[in-house]
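Written below as structure tokens is the structure these notes are about.
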Amino acid sequence: MPDSINQFIRPVTCCVNDNGNLEIGGCDLVELAKQYGTPLYVIDEQTLRGVCCDYKRAFVSYPKVNMMYASKALCTMATTAIISSEGFGFDVVSAGEMYTVYKTGVDMSKVLFNGNNKSVDELLLALDLGVGRISVDNFLELSLLNELAKSRNKTADILLRITPGIECHTHEYIQTGHLDSKFGFDLTQIDEAVEFILESNLKLHGLHAHIGSQIFETKVYEDEVDILVKELARLQKKYSLKLDEINIGGGIGVKYTEADMPPSVYTAADLILKSLQTSIAKYGIEEPSVFLEPGRSIISTSGVTLYTIGSSKQVPNGKKYVAVDGGMSDNARPSMYRAEYTAVVANKPEEKSSQSVTIAGRFCESGDILIQNINLPEPEEGDILCVFNTGAYNYSMASNYNRVEKPAMVLVNNSQSDIIVCRETLDDLIGHDVIPDRLRTDV
Ligand code: LLP
């Protein structure tokens, strides 16, 4: 039995109801598809709150732990409100994410601004909105932020993003802590950065790292914590600085398919806290505040996507393609990272699988395949396909490829469903287009 929700493929409220349909949050998925149309993102509030509780319980023995949800996984005002009400802060990486959490009413002192190439406008917005920490990534940003802080007569509260030189086993595009990475200062550059900071309008609080995403082997956190604590201790001594924060980033994996074995949040927390105590003793510093930035493992399991099945094609002596009304524009992960997903037919969840099929998207690209080889009961036009674990990096990476509207998103809880993101309309799609007058005459 899994002991934390990131180890589930399906939302915790997912079951078959009296109509024989799949339901989540007490809402019949076939009814949701009818009411709101498809493709439809569905977020289960109970699962989301449950994951937040897992994290809080897992780290309860170390009161100086602060959870900062990584907004990049999914950033909407409603999910931000839920996660904020669970006591989390937010990691943001753009003016858009910063503005979303600000407009939701989040206490901006609990926000951390990350990114390897922040713009002047974004840095100014962060200073003006009173963002709690800016994680400075490189020398250009140090001097830029210093000038901007001076111009605003402010001191900017910062962390230094460092590259600890740790490789983790995940897709190379989502590895970030290895030496050959575009993110952060490498260990040999830290002193120069600190010496700059000492003469500036910047106040350094500590160090930040992130080693990758969809991590299954928690051992890498041991090495990461050790490097962060070691560097913190070294800088404290060398520069007589009071540095008391380390941010270990996010990365804990989730279970997309039966083959995935993500660690329990409790096991990961245990290991992180043990290595923290070991490193604190080894390097002789006081207990620092520890910040975590989980994204995927917070939001992924609570999300599913509903599609309507359309045409099917049997290739002679080959695959059977079953097409749905969405695909790579609402879920880019299979085509970008060969990510795998599981799904069931929501209107016949208990029917035996009769064959292995390939779920194809609707986009004009051969690579637009959502799921390769999945066993499903005979798929019929109009069936509702429910793809699990789509809460993270689906809507947040969605595009308008082929000028297709982005889907709506509903929040379900206690048999109630509420729209939290409206479906885009055709007018939304052309809303930013401009035809110059000189072309109008020819139209
Ligand atoms: N903190 C920093 C500095 C990060 O760069 C990231 C993710 C996180 C936290 C959150 O990591 P998580 O807990 O979600 O693993 N689009 C890719 C994932 C990219 C992750 C980038 N950074 C995907 O769909 O798999």
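The values are calculated or read from the model by the stated rules, or taken from the named source; none is laboratory data. On a predicted model such as this, the values are computed, not experimentally measured, just so you know. Cβ atoms come from the backbone with ideal geometry, glycine included; neighbour counts cover every protein chain shown. When the accessible area is computed, the model is the full protein with side chains, heavy atoms only, and any ligands, DNA or RNA have been set aside. Shrake-Rupley method; radii C 1.70, N 1.55, O 1.52, S 1.80 Å.
Mean projected area of the convex hull spanned by the Cα atoms of the stretch 385-425, taken over all viewing directions: 3.8 nm². For TYR393, the residues 5 or more places off, or on other chains, whose built amide H falls under 5 Å of its own are LEU74. Where the accessible area of the chain is counted over protein heavy atoms with a 1.4 Å probe, how much of it, in %, is carbon and sulfur? Carbon with sulfur: 49 percent of the solvent-accessible area.
How large is the Rg to Rh ratio of the stretch 1-138 when both quantities use alpha carbon positions and Rh follows Kirkwood? We get a ratio of 1.05 for the stretch 1-138. Here the peptides 392-398, 273-279 are ranked by packing, the mean other Cβ count within 10 Å, and the order with the highest first is 392-398, 273-279.
First obtain the Kirkwood hydrodynamic radius of the stretch 320-443 from its Cα pairs, then insert it into the Stokes-Einstein equation at 4 °C and 1.567 mPa s, and state the resulting D in µm² per second as a whole number. D = 78 µm²/s. Reported value for the stretch 256-322: 146 Å³ per residue, from the convex hull of its C-alpha atoms. Seen from every direction in turn and averaged, the convex hull around the alpha carbons of the stretch 72-209 projects onto 8.5 nm². The fraction of all Cα pairs in the stretch 333-405 landing in successive 5 Å bins from 0 to the largest distance is 3, 14, 23, 26, 19, 11, 4, 0, given as whole percents. Beyond 23 Å in Cα-Cα separation lie the following of the pairs LYS64/LYS103; LYS110/LYS203; LYS320/LYS406; LYS118/LYS238; LYS219/LYS282: LYS64/LYS103; LYS320/LYS406; LYS118/LYS238. Across the stretch 352-365, computed HN-Hα scalar couplings (Karplus, 6.51 cos²θ - 1.76 cosθ + 1.60, θ = phi - 60°) run 5, 5, 9, 6, 9, 10, 10, 8, 9, x, 9, 8, 7, 6 Hz from first to last residue, x flagging Gly and Pro. Taking all Cα-Cα distances within the stretch 173-330, those exceeding 26 Å account for 44%. Considering the stretch 225-267, its Cα convex hull presents a mean projected area of 4.0 nm².
The label point for ASN414 and the one for TYR283, both projected 7 Å from the Cα toward the Cβ, are 4.6 nm apart.
Annotation: per residue accessible area for the chain equals 44 Å², rounded to a whole number [probe 1.4 Å, protein chains only]. Semi-axes of the equivalent ellipsoid for the chain, computed as √(5λ) from the eigenvalues of its C-alpha gyration tensor and ordered from largest down, come to 41, 26, 20 Å. When the surface is traced with a 1.4 Å probe over the full set of protein chains, SER289 keeps roughly 30 Å² accessible.
Overall, the chain carries a charge dipole of about 480 debye about its Cα centre when +1 sits on the Cβ of Lys and Arg and -1 on the Cβ of Asp and Glu, all other atoms neutral. Comparing THR425, THR79, THR104 in a Gaussian network model of the chain (Cα springs below 10 Å), the most mobile by mean-square fluctuation is THR425. Restricting the count to DSSP beta bridges whose residues both fall in the chain, what percent are antiparallel, rounded to a multiple of 5? Within the chain, antiparallel bridges account for around 45 percent of the total. Taking Cα centre as origin and charging only the Cβ of basic (Lys, Arg, +1) and acidic (Asp, Glu, -1) residues, the dipole magnitude of the stretch 298-422 rounds to 340 debye. Annotation for GLU365 and SER119: the two label points, set 7 Å from Cα along the Cα-Cβ direction, are 2.4 nm apart.
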